[in-house]
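The block underneath contains the structure these notes are about, expressed in C-alpha cells.
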Amino acid sequence: MRTDDLIAALGAEPSPVRPVPLGRVVLGALAVGGAVTGALFAAFWGVRMDLSAVLFDPFLLAKTLLPLALGVLAVPVGLASIRPGGVTRAAAGLWLVPVVLVGLVAVALWVTPPALWWTSFVGHSIATCLPSIFLLSVPVSAALLAAFRSGAPEHPARAGAAAGLIAAGVSAAIYSVYCTEDSPLFYAAWYTLAMAAVIGASALAGRHLLRW
C-alpha cells in the first residue's frame, strides 16, 4: 500500500458502531437471570407433587400470577429509572396487584372459619418461604443491576429498587409452584415480606453500583 493511500485510509471517517438498545440489554439480562434462577429452582426446590390436582384453584393461581404480574409491570418502570428524566405510566399499574391481593385476603377471611385464621396466616413454612424467595431473586437482581449500569439513572437507589421489584416478582412466582401454602392469608403476608427484603437489598446495592 502506498503512503498516500495509507494516510487516506487512516483519515477516513470510521463506521459508526451502533449501540445495543438499552431495552434489549435489560431483557437479555432478565432472560439470563431468570434461566439461572430456574435452574437453581429445579435443582434444589422443584414443583410440588399435587400441582396438577390444584392447578385451577383461584387462590393458587393468584399466588403465582400476582407476583409475576408485578415483575412484568416493573420492567418498564426499571427501564425508565435508568434513563435521565425517564417517566412511565406503568408505575400506576403496579397498584392493581396489591388491590387484587387485598380483595383475595378479604375473600379468604370470608370463606375461612375464624378459628383457622391464625393457622392459615402462620402456615408451616415461613422459615422456608422467606429465604427461598430471597435466594431465588439473587441471579435476576444481579443480572439486572449489571444491565442497568448501561443506563444513566438519576436516582441509583430507586433504579436498584426497580431491579429488585422485577427480581422479587419473578422469584416469588417461581417459588409459588413449590410452596404448598395456598391461603392468601399466608402469601399476602410472607411473600410480601420476602419481596420487600429483595427490593430493599437491591436498592442498597443500586445506590452503590449504579452511581455515575
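Count of the stretch 36-62 residues, restricted to those that are free of Cβ contacts under 8 Å to residues at least 12 places away in the same chain and within 19 Å of Phe134 (Cα to Cα), is 4. Among the residues of the stretch 154-186, those identified as of a type in the set (Ser, Thr, Tyr) and buried (at least 24 other Cβ atoms within 10 Å of the Cβ) are Ser171, Tyr175, Ser176.
Selection of first residues in the stretch 73-86 that are under 13 Å from Gly23 (Cα atoms) and of second residues that are among the basic types (Lys, Arg), restricted to Cβ pairs under 6 Å at least 6 apart or on distinct chains, gives the following pairs, ordered by first then second residue: Ser81/Arg158. Contact map, the stretch 154-175: first residue among the charged types (D, E, K, R), second residue buried (at least 24 other Cβ atoms within 10 Å of the Cβ), Cβ cut-off under 6 Å, separation 6 or more or different chains; pairs are Arg158/Ser81.
Note on the stretch 112-126: residues that are free of Cβ contacts under 8 Å to residues at least 12 places away in the same chain and β-branched (Val, Ile, Thr) total 1.
For the stretch 83-140, the candidate set comprises residues that are within 28 Å of Gly151 (Cα to Cα) and of a type in the set (Ser, Thr, Tyr); within that set, the residue that is surrounded by the fewest Cβ atoms within 10 Å (Cβ to Cβ) is Thr88.
Just checking, does the stretch 174-194 include any residue being closer than 23 Å to Pro21 by Cβ, modelled with pLDDT of 95 or more and in a helix (DSSP H, G or I)? No: zero hits.
Within the stretch 141-150, the residues that satisfy the criterion of being crowded, with 21+ Cβ neighbours inside 10 Å and among the small types (Gly, Ala, Ser) are Ser141, Ala143, Ala147.
The values are calculated or read from the model by the stated rules, or taken from the named source; none is laboratory data. Since we're looking at a predicted model, the values are computed, not measured. Positions of Cβ are generated from backbone atoms using ideal geometry, with glycine treated the same way; all protein chains shown enter the neighbour counts.
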